[in-house]
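Worksheet for the structure shown next.
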Amino acid sequence: MNEHDSERISGLLEADGLVPAVSEEEADVIVLNTCCIRENADNRLYGALGNLKTLKAEKPDLQIAVAGCLAQKDRELIQKRAKHVDVVFGTHNVQNAVKLLKKSQSQGPIIEILEEIVEEDNQAFPSALPVRREVDHRAWVTIQIGCDNTCTYCIVPSVRGREISRPFGQLLNEVRNFADQGVTEITLLGQNVNSYGRDLTKKLKSDDPCETDVFQVGDLWLEADRRKIKPLFADLLKSVGLIEGIERVRFISPHPKDLTLEIVAAMSETKSVCEHLHLPLQSGSDSILSAMHRGYSSERFLHKLKQARSGIKDLAVTTDLIVGFPGESEKDFDETLQVAAEAQFDAAYTYIFSSRPGTKAAEMESEFVDHVTAVRRYETLRNVVTRSSLLKHKERVGRVEEVLVEGRSKKGTDLIKTRTRQNKILHLKFEESLRAGTYARVQVTEAPSHYLLGELLEIVATPKHRKRIPVMAEQSV
Ligand code: SF4
């Protein structure tokens, strides 16, 4: 979400006539877009701002802005600690970036943080702004912002606000625009994508469907379940999947408690929806899951996982896991190991708990797990998940996969990086014809734990993109 916001800030600046600078020294405007989900965001921000202080002294016209969720959280503190910052703006007013920078030229430093987005203002959704994408064949589409859940370790609800879904018709228009420009892979973005649309159906009360209703909630819901409050994510997957030119649809992140059979069926029935599910487990201990406010037990998680695997052929499942959450005992940790082993994930992002000021978990200081224990648990868990990744990868050796070429591999200049439908990285021998955006069929030849190696069988489709954007998504009905 944060990277997508950065694309939008770049897009807005370009639309205003700026061009990308090759270095900080040559820039007229520098925007630091922060994300406080990551550990040490504040240290890194103040480090970067410290380095920019000298530059600003040498070049007084240089404008420095700090954006993103750390700006949302720390506000005045940023300008107090770094007086050379011209503008501080938050996550709900990305659309004002250019206006604020211009205003600060005449009025001096500005802080503008909005507590919530103005719902009627479609530009408050990052996807409704101009964009500067780094890749031509792939695009992100924000389907909702904010989160209504209350996971006790997470800062998102307080910095991104409550959950608000974008109108159904607006999303379809945006994806159609992307398809017209040659984009073939779409990633739907949200903090809890599978609750998308619940707020939209809640608001709809009229008995007679009209065009505005269709734009808000889509025709599938109106046909089937008029006036019933429910999420629309399954409808969205089906409708996006029908848009001509879109070959791959991905989404991040779903919440396990909201993964329904309807969504599993939509994934399985919609050819362009990739066979990959990122389902964050976080812990295998029921008492820790309850302390985290996750809303499911380990048994429930495994049940949902089983439903997804039996409903979607060749599904790859990845997850997030946290070790050392306050109060985590050896027994809790053993339960996480057991559930992780049973779940047989294709890959897992594992983290050591780190406290985020402002969250409930940060107040549980007396129960913090000591660092040495947390590191030991982290390493033990890594071994378990690496073992299952390796097994899952080995199963793919000899198979024929469809891959999308991403570009040169960092593993070596003689390799090309591609991605399978299951979201696995697969490296191929370099060939001039394999431009980014090309679809190809390959045979998997080797399988280390973090990527696959393969041989090209045939090129299926060449890139369709014609030009770089910027795009303006449809603003209103
Ligand atoms: S679902 Fe939980 S972890 Fe995810 S954004 Fe919402 S509060 Fe944070």
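The values are calculated or read from the model by the stated rules, or taken from the named source; none is laboratory data. Since the structure is predicted, the reported quantities are computational estimates derived from the model, not experimental observations. All Cβ positions, glycine included, derive from the backbone under ideal geometry; neighbour counts span all protein chains shown.
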Requested in this report: Go over the candidates Ala21, Ala57, Ala15 one by one and state the one that is of a type in the set (Gly, Ala, Ser) and surrounded by 13 or more Cβ atoms within 10 Å (Cβ to Cβ).
Outcome: Ala15
**Report entry** Count of residues meeting criterion [surrounded by 14 or more Cβ atoms within 10 Å (Cβ to Cβ) and more than 24 Å from Val249 (Cβ to Cβ)] in region 395-419
**Finding:** 4
Query raised in the report: Any idea how many residues of region 188-213 are surrounded by fewer than 18 Cβ atoms within 10 Å (Cβ to Cβ) and either at pLDDT 95 or above or in a helix (DSSP H, G or I) (or both)?
Result: 4
Query raised in the report: From the residues in region 162-178 that are outside any helix (DSSP H, G or I) and more than 11 Å from the ligand (Cβ to nearest atom), which one is surrounded by the fewest Cβ atoms within 10 Å (Cβ to Cβ)?
Result: Ile164
Query - Test result for Ser239, away from the ligand (no atom under 16 Å from the Cβ) and modelled with pLDDT of 95 or more - result: yes
Query raised in the report: Could you say whether any residue in region 215-233 is within 30 Å of Ser298 (Cα to Cα) and either within 16 Å of the ligand (Cβ to nearest atom) or among the acidic types (Asp, Glu) (or both)?
Result: yes
Query raised in the report: Any residue in region 426-435 that is in contact with a His (Cβ under 6 Å, 6 or more places away or on another chain), surrounded by 15 or more Cβ atoms within 10 Å (Cβ to Cβ) and at pLDDT below 95?
Result: no
**Report entry** From the options Ser268, Ser253, residue that is within 16 Å of the ligand (Cβ to nearest atom), surrounded by fewer than 19 Cβ atoms within 10 Å (Cβ to Cβ) and either of a type outside the set (D, E, K, R) or farther than 21 Å from Phe353 by Cβ (or both)
**Finding:** Ser253
Report summary line: Picked from region 398-440 (must be assigned to a loop (DSSP other than H, G, I, E, B) and under 19 Å from Gly245 (Cα atoms)), the residue nearest to the chain's Cα centre (by Cα) is Arg421
Report task. Please work out if Leu49 is of a type in the set (A, V, I, L, M, F, W, C), at pLDDT 90 or above and out of contact with any Lys or Arg (no Cβ under 9 Å at 6 or more places or on another chain). Result -> no
Report summary line: Restricted to region 354-373 and to residues being within 16 Å of Val156 (Cβ to Cβ) and buried (at least 18 other Cβ atoms within 10 Å of the Cβ), the residue modelled with the lowest pLDDT is Arg356
Query - First in region 224-244 and closer than 18 Å to Leu188 by Cβ, second anywhere and surrounded by 14 or more Cβ atoms within 10 Å (Cβ to Cβ) and of a type in the set (Asp, Glu), Cβ under 6 Å, 6 or more apart - result: Ala234/Glu262
Query raised in the report: Which members of region 20-50 meet the condition of being basic (Lys, Arg) and either in contact with a Leu (Cβ under 7 Å, 6 or more places away or on another chain) or assigned to a helix (DSSP H, G or I) (or both)?
Result: Arg44
Query raised in the report: In region 292-315, which residue that is among the charged types (D, E, K, R), part of a helix (DSSP H, G or I) and surrounded by 16 or more Cβ atoms within 10 Å (Cβ to Cβ) is farthest from the ligand (Cβ to nearest atom)?
Result: Arg309
Query raised in the report: In the list Ala316, Ala341, Ala291, Ala347, which residue meets the criterion of being within 29 Å of Asn43 (Cα to Cα), in contact (Cβ under 8 Å) with a residue 24 or more places away in the chain and not assigned by TED's automatic domain parsing to the domain that holds Asn194?
Result: Ala291
**Report entry** Residue under evaluation Ser23, criteria (1) among the polar types (S, T, N, Q); (2) touching a strand residue (DSSP E or B) at 6+ places or on another chain (Cβ under 8 Å); (3) free of Cβ contacts under 8 Å to residues at least 24 places away in the same chain, criterion not met
**Finding:** (2)
Query - Members of region 150-161 that are touching a strand residue (DSSP E or B) at 6+ places or on another chain (Cβ under 9 Å) and in a loop (DSSP other than H, G, I, E, B) - result: Cys151, Tyr153, Gly161
Query raised in the report: Which one of Val141, Val156, Val131 is modelled with pLDDT under 95, within 15 Å of the chain's Cα centre (by Cα) and more than 16 Å from the ligand (Cβ to nearest atom)?
Result: Val141
Requested in this report: Show the residue pairs that are 6+ apart or on different chains and have beta-carbon atoms under 6 Å apart, the first residue being within region 132-144 and within 18 Å of Leu172 (Cβ to Cβ), the second being crowded, with 21+ Cβ neighbours inside 10 Å and at pLDDT below 90.
Outcome: Val141/Ser127; Thr142/Phe125; Thr142/Pro126; Thr142/Ser127
